Amino acid sequence: MSRPIIATINQKALKHNLSVVKNLSPKSKIWSVVKANAYGHGINNICFSLSDTDGFALLSIDEAILLRELGWKKPILLLEGFFHPNDLYLIDRYCLTTTIHSQWQITALENFLPLNNPIRIYLKINSGMNRLGFDFKSIQKIWKKLISLKNVYDVTLMMHFGNAGNRNEIIHSFKNIQKLIIGLNCSCSISNSACVLWHPEVHYDWVRVGILLYGASPSGNWVDISNTNLQPVMTLSSKIIAIQKLKIGDSIGYGCNYQTQKPKLIGIVACGYADGYPRHAPTGTPLLVDNKITQLLGTVSMDMMTVDLTYCPQADIGSNVELWGNHIKIDQVAKSAGTIGYELMCSLTSRVPIRVI
Ligand SMILES: *Cc1c(COP(=O)(O)O)cnc(C)c1O
């Protein structure tokens, strides 16, 4: 038998989450964000369940081509645009929508051979994160320049918030973008998952939704989405492969950073940081053993971790362990380890088999 760890991808939950997003943002079209191999879920495993979406957004042209080869005919958006002028051949051939965030890309478009099909552009505004994009003041001029190019079909304004929890930031940008949209009479895409949940006034024409589709919280706090009926899509589970009876003062794992205060039954689970479980998760991080909530003890090893069986004395070798999923939210584990659900999903490693249900 193979090692018992497995990640299960629930297609029904994914479909359901897309319908929740549609209800939250009924007037907008939806870019389902599937970058980073669909946040670790596998593009192959999720794209058919999301077939009701209006488009897929991602970063790499290879992932875009994969979607086309799987039969996806609707729009695909490259969130970071192209990385070299020659990428325009592929953008043309596979009918991709591309972000433009820097002057060199505009020059490349201008100097490129006539494309078979002029392309759709997302013009990125720097809303204050200072990663990609042009500042508000220069947008009008750039927009006019782009729209005049033969290789350009149309131009949509795009923006991304670094702090969608901050109402003042949203309101400030909202005023600026509103002026631009009225002046240019163009469409616009601003909202990520956080804005879809908390700022309906900025949904506009297209929303770009990632984390909500996978059933985790954009804030990193599960309670923030607990009333939305979103369902976790990924369950990471494994089994207990050994049991130890410890006496008072025995220690557990590397660094011996956990010592028993009283006799204790512990279980060894076939899951470690080489599977993508966070090594920084401390003693006390929740897990589910045999349908009972219990806790991690000691330091997570590369291939194993230790759980407290005090509260589940019926547990035995072969007992099922949920690391995250429907009962133990990925956001809870992430918070305990000092990170966010996004990172845990993306960190699942290739040695973990994926089962799609
Ligand atoms: C990743 C990404 C998104 C999706 O963010 P979520 O918080 O997962 O909804 C939206 N827009 C851009 C530009 C992104 O890079």
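No value in this document is a laboratory result; all are computed from the given coordinates. All values derive from a computational prediction rather than experimental measurement. Neighbour counts run over all protein chains shown; Cβ positions are idealised from the backbone, glycine included.
Three principal axis extents of the chain based on alpha-carbon atoms, in descending order, are 77, 43, 36 Å.
Could you put Ile9, Ile190 in order, starting from the residue whose Cβ has the fewest other Cβ atoms within 10 Å?
On the way: Ile9 21, Ile190 27.
Sorted ascending by nearby Cβ count, the order is Ile9, Ile190.
Model label sites at Asn326 and Asn168, defined 7 Å from Cα along the beta-carbon direction, differ in position by 4.4 nm.
Within 10 Å, count the other beta carbons around each residue, average over each peptide in 309-319, 244-254, 76-86, and list them highest first. Display every interim value, and only then the final one.
Working: 309-319: 15.2, 244-254: 13.5, 76-86: 17.6.
Sorting 309-319, 244-254, 76-86 by mean packing, highest first, produces 76-86, 309-319, 244-254.
Within the straight-line cut-off of under 17 Å between alpha carbons, the lysines reachable from Lys264 are Lys245, Lys247, Lys292, sequence neighbours fewer than 8 places apart in one chain being disregarded.
Measuring nothing but how far apart in sequence close Cα pairs (under 8 Å, 6+ apart) lie, relative to its length, the range 234-356 scores a relative contact order of 29 percent. For a modelled paramagnetic label at Ile6, 7 Å from Cα along Cα-to-Cβ, the residues of the range 320-357 in reach, with backbone nitrogen under 19 Å, are 320-328, 348-357. The relative contact order of the chain comes to 18 percent, based on Cα pairs under 8 Å that sit 6 or more residues apart. When Rg and Dmax are taken over the Cα atoms of the range 11-214, they come to 16.4, 46 Å. Scattering from the range 122-225 was approximated by placing one identical point on each alpha carbon and applying the Debye formula without solvent; log10 I(q)/I(0) at 0.20, 0.23 1/Å stands at -1.02, -1.26.
With each label modelled as a point 7 angstrom along the Cα→C-beta vector, the Thr339-Ser19 pair spans 3.3 nm. Comparing Val356, Ile317, Cys271 along the charge dipole axis of the range 234-356, the residue lying farthest to the positive side is Ile317, per the Cβ-charge model. For the range 260-303, list residues with backbone N below 13 Å from a point placed 7 Å from the Cα of Gln314 toward its Cβ? In the range 260-303, the label zone of Gln314 (backbone N under 13 Å from the point 7 Å along Cα→Cβ) covers 289-293.
Its residues counted as N, the range 204-270 yields a C-alpha radius of gyration over 2.2 N^0.38 Å of 1.84. The aspartates and glutamates within cross-link reach of Lys22, meaning a Cα-to-Cα straight distance under 17 Å and a gap of 8 or more places when in the same chain, are Asp52, Asp54, Glu201, Asp205.
Of the peptides 143-152, 117-126, how do they stack up when ordered by the mean number of other Cβ atoms within 10 Å, highest first? Numbers along the way, then the final one.
Working: 143-152: 15.4, 117-126: 20.3.
Packing proxy ranking, top to bottom: 117-126, 143-152.
Taking the charge dipole of the range 90-223 about its Cα centre, with +1 at Lys and Arg Cβ atoms and -1 at Asp and Glu Cβ atoms, the residue from Ser219, Leu149, Asn192 reaching farthest to the positive side is Leu149. The Cβ shell under 13 Å around Ile317 holds other residues with a net charge of -1, Lys and Arg each +1, Asp and Glu each -1. Exceedance of the 27 Å cut-off in Cα-Cα distance is limited, within the set Lys124/Lys329; Lys73/Lys144; Lys12/Lys35; Lys12/Lys74; Lys141/Lys175, to Lys124/Lys329; Lys73/Lys144. Summed over all non-identical Cα pairs, the Kirkwood treatment of the range 234-356 gives a radius of 14.3 Å. Relative to the longest principal axis of the Cα atoms of the chain, helix 11-24 runs at roughly 50 degrees.
For a straight C-alpha distance cut-off of 17 angstrom, the aspartates and glutamates reachable from Lys150 (same-chain residues fewer than eight places away being disregarded) are Asp92, Glu110.
The phi torsions of the range 78-88, fed into the Karplus equation with coefficients 6.51, -1.76 and 1.60 and a -60° offset, translate into couplings of 8, 5, 9, x, 9, 10, 8, x, 5, 4, 4 Hz, rounded to whole numbers, with Gly and Pro shown as x.
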